[in-house]
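For reference, the structure is listed below as C-alpha cells.
The values are calculated or read from the model by the stated rules, or taken from the named source; none is laboratory data. Note that the structure is predicted; figures quoted are calculated from it, not measured. Neighbour counts run over all protein chains shown; Cβ positions are idealised from the backbone, glycine included. Note: accessible area is taken over every heavy atom of the protein model, side chains too, but ligands, DNA and RNA are not part of it. Shrake-Rupley method; radii C 1.70, N 1.55, O 1.52, S 1.80 Å.
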Amino acid sequence: MYEVSKCAPQEALRDLDRAFKNFFRRVEEKKAGKSVKVGFPRFKSRKKGVGSFRLTGTIRIFNGHIQLPRLGVLKLKEKGYLPVTDVHILNATVSERAGRWFVSLQVEMEIRDPEGAERPVAGVDLGINRLAQVSDGTYFENPRALKKAQKKLKRLQRVVSRRQKGSANYQKAVHQLAKAHARVANIRKNAVHQVTTWLVRHKSAIVLEDLNVSGMMKNHHLAQSIADVGLHEFRRQLQYKGKWYPPFHRGWYGCEVFLADRFFPSSKQCSQCGVVKDNLRLGQRTYHCEHCGLVIDRDWNAALNLEQLLTVS
Ligand SMILES: [Zn+2]
C-alpha cells in the first residue's frame, strides 16, 4: 500500500463506488417500472482483471516522455500523439497487455467547430471479403498480416495444451500465446483506425449500413467475418472522429455519419436503375443487373446505393 501511489487504491475504490451507485440507481428504476437490466457489480479477479490503474495528481507530458506521480519520468515508445499544449490533464490510466505498457489520458480541452471544407459524401459497405468498400471506388483490404498471425495463434494454442499445467514451460507458452493474441487484435485495430481516419479526412458525410449484428452472429458462416470486421467499433470510431479530431494531428475535420434503414436493400438493389433483385447469393461477388445490364462489383454496388441515400433525398 505504501509503495504505490495512493491514487491506485483510491481510484479503484472510486470505480467500485460508481459501480454500486449505478446498480442501486437501476434497482430504483426497475422498481419504478422501467425495463432496465439490473446486474450486481462483478468481482474482478486480480489474476483475470483488466490490469490497469489510474493516477491523478501531477502529470506532465514532454516530447517523448511522461511524468507520473510516484513513478517519475518515463520514456514513451511512441512519440507525438499525446497533447502537449492547451490541455488540462485530469488523470492518467496505465495498463498492461502481453508485456507491453500503455498510458492513456483524460483531458479537458476546447473543441472548435469543424471547418466546413468542401468534401464529397460517400457510402461505405463493410464487407466480408474487403474490410471496406467506398462508393468512390476506393477500397481497403483486410490486412494480410492477419492471416499469418492467426495461423501462429493456432500453433501456439496447441503448444499450450501440450505443456504440463503449472510448469515453467507452461507459463512461457501462455505468455507467447497472450502476445500472439495481442498482435492479432492490434493488426485488426490498426486496419480499422486507418480506414476510419481516411474516411473522416476525405468525406463530409458517410452512410453506413445498419446491420443487425446479433442476428448475423447466429449465422455461423458470417460470424467469423463479422467479428473480424468489428462493425460496431468501425461505426463508433467514425462517429467520434467525425465530431472530434485531435488538434495535435494535422487539420480539423467534420464528418457526419448516417445509418441506412435496417431493411434498405443495399446489396440487392441496382445502383444504376434502382431495380431490386429478389435474391442475391452471398457467394456472388459480381452484381449483374438483368434490367439495365450493369455489371459491377457487389460491394461497390452496395456502397453506391448507400451514397445515393444522401445525394437523392
Ligand atoms: Zn440496373
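Couple of notes before you dig in:
- Pairs exceeding a 32 Å alpha-carbon distance, out of 21/152; 148/172; 37/243: 21/152.
- Cα gyration tensor category, rounded, prolate or oblate, for segment 16-160 with a/c compared to 1.5: rounded
- Label-point separation in nm, residue 31 to residue 2, each point 7 Å along Cα→Cβ: 4.4 nm
- Accessible surface computed residue by residue for segment 1-116, with neighbouring protein chains in place and a 1.4 Å probe, gives 82 Å² per residue.
- Using a Förster distance of 45 Å, the FRET efficiency for residue 181-residue 118 (Cβ separation, nearest 0.05): 0.55
- For segment 88-156, the square roots of the Cα gyration tensor eigenvalues, ordered a ≥ b ≥ c, give a/c of at least 1.5 with a/b no greater than b/c, which places it in the oblate category.
- The label-point distance for residue 244 and residue 97, in a model that sets each label 7 Å from Cα toward Cβ, rounds to 1.9 nm.
- C-alpha long axis of helix 220-229 to longest principal axis of the chain, angle in °: 70 degrees
- Cross-link reach list, aspartates and glutamates versus residue 277, counting only Cα pairs under 14 Å and skipping chain neighbours closer than eight places: 290
- Low-density loop positions, chymotrypsin sites (Phe, Trp or Tyr not before Pro), segment 23-71 - DSSP coil, at most 16 other Cβ in 10 Å: 43
- Length gained when the stretch residue 281-residue 77 is fully extended (0.36 nm per residue, less Cα-Cα span): 68.7 nm
- Heavy-atom accessible surface of segment 1-155: percent carbon and sulfur, 1.4 Å: 53 percent
- If the chain linking residue 23 and residue 233 were pulled fully straight, counting 0.36 nm for each residue of separation and taking away their Cα-Cα distance, it would gain 73.0 nm.
- Cysteines in the chain lacking any other cysteine Cβ under 4.7 Å from their own Cβ: 7, 255.
- Once the Cα atoms are used to define both axes, helix 168-202 deviates from the longest principal axis of the chain by about 50 degrees.
- Extension gain for residue 295-residue 171 works out to 39.1 nm (0.36 nm per residue, less the C-alpha to C-alpha distance).
- Rounded to the nearest 0.05, the FRET efficiency derived from the C-beta distance between residue 201 and residue 70 at R0 = 51 Å is 0.85.
- Reach of residue 44 by Cα under 17 Å, taken over aspartates and glutamates that are not fewer than 8 positions away in the same chain: 11, 15, 17, 96
- In terms of distances greater than 28 angstrom between alpha carbons, the cross-link table entries 154/203; 31/241; 47/165 yield 154/203; 31/241.
- FRET E, pair residue 153, residue 110, Förster distance 35 Å, beta-carbon r, rounded to 0.05: 0.20
- With a simple spin-label model that places each label point 7 Å from the Cα along the Cα-to-Cβ direction, the separation between residue 90 and residue 146 comes to 3.3 nm.
- Count Lys and Arg as plus one, Asp and Glu as minus one, and take only other residues whose Cβ is under 15 Å from that of residue 25; the net charge is then +4.
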